[in-house]
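The values are calculated or read from the model by the stated rules, or taken from the named source; none is laboratory data. Here the structure is a predicted model, which is why all the values come from computation and not from measurement. FYI the Cβ positions are ideal-geometry reconstructions off the backbone, even for glycines, and counts take in every protein chain you see.
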Amino acid sequence: MSFLCLPDQAAREAASWVTNPRTCVIDASTAHRVDPAWVFGLPELSPSQRDGLRRGKRISNPGCHSTAFILLIRPLVDAGLLDADAALSATSITGYSGGGRKLIEQYQVDPLPSRLTSPRPYGLSLAHKHVPEMTRWTGLRTRPVFMPMVANFYKGLTVSVPLHLSVCRRCAMRPACTRR
């Protein structure tokens, strides 16, 4: 078994070096999270997902922001309560430990610079590296607008996905729905 904890390009290269089909490779990067030749490591998706993980030899480890988003949205899409074409937005606030050594060093100085005392958005290009897996593994056909933020706490995160009443498919989300 091999665990890859590398930047995406290095993970792709290192995975290609493993030629023994019996060797299990688990990749923590985003390089293989939507690759159909790899099993996405989120057993909660379905019984077939769990079976794939038991048998799989190439497993991609889900991202933190995307795991929370997927576990919020996928059950609604699967149940038909949320249309796969729904336009969604998500905000995630996370601690600084996931940003790596340089970000940790910025937050662990005394005194803390005032610019780091409040949550700060990042990834403002709307092309965050987790969006492809968030889209693929929820069954959405429309990419969500994702706004990640980092805050002055070491670890943990919370993801918020506001659902507008207009995206309700079976009226289960609003008691006075006119589409009953």
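The figures follow:
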{"quantity": "Test: residue in the stretch 37-48 that is in a loop (DSSP other than H, G, I, E, B), surrounded by 15 or more Cβ atoms within 10 Å (Cβ to Cβ), in contact with a helix residue (DSSP H, G or I) (Cβ under 8 Å, 6 or more places away or on another chain) and not charged (D, E, K, R)", "calculated": "yes"}
{"quantity": "Criterion: part of a loop (DSSP other than H, G, I, E, B) and acidic (Asp, Glu) - qualifying residue of Asp51, Asp85", "calculated": "Asp85"}
{"quantity": "Counted residues, the stretch 1-36 - those being in a strand (DSSP E or B), over 19 Å from Gly98 (Cα atoms) and either at pLDDT 95 or above or aliphatic (A, V, I, L, M) (or both)", "calculated": "1"}
{"quantity": "Qualifying residue in the stretch 102-120 (condition: over 21 Å from Pro36 (Cβ atoms), under 16 Å from the mean Cα position of the chain (by Cα) and outside the structural domain of Phe40 (by TED's automatic domain parsing))", "calculated": "no"}
{"quantity": "Some residue of the stretch 119-137 being of a type in the set (S, T, N, Q) and at pLDDT below 95", "calculated": "yes"}
{"quantity": "Residue list for the stretch 88-121, filter: touching a strand residue (DSSP E or B) at 6+ places or on another chain (Cβ under 6 Å) and outside any helix (DSSP H, G or I)", "calculated": "Ser89, Ala90, Thr91, Ser92, Ile93, Thr94, Pro119, Arg120, Pro121"}
{"quantity": "Verdict on Leu71 being in contact (Cβ under 8 Å) with a residue 40 or more places away in the chain, in a helix (DSSP H, G or I) and in the same structural domain as Ala151 (by TED's automatic domain parsing)", "calculated": "no"}
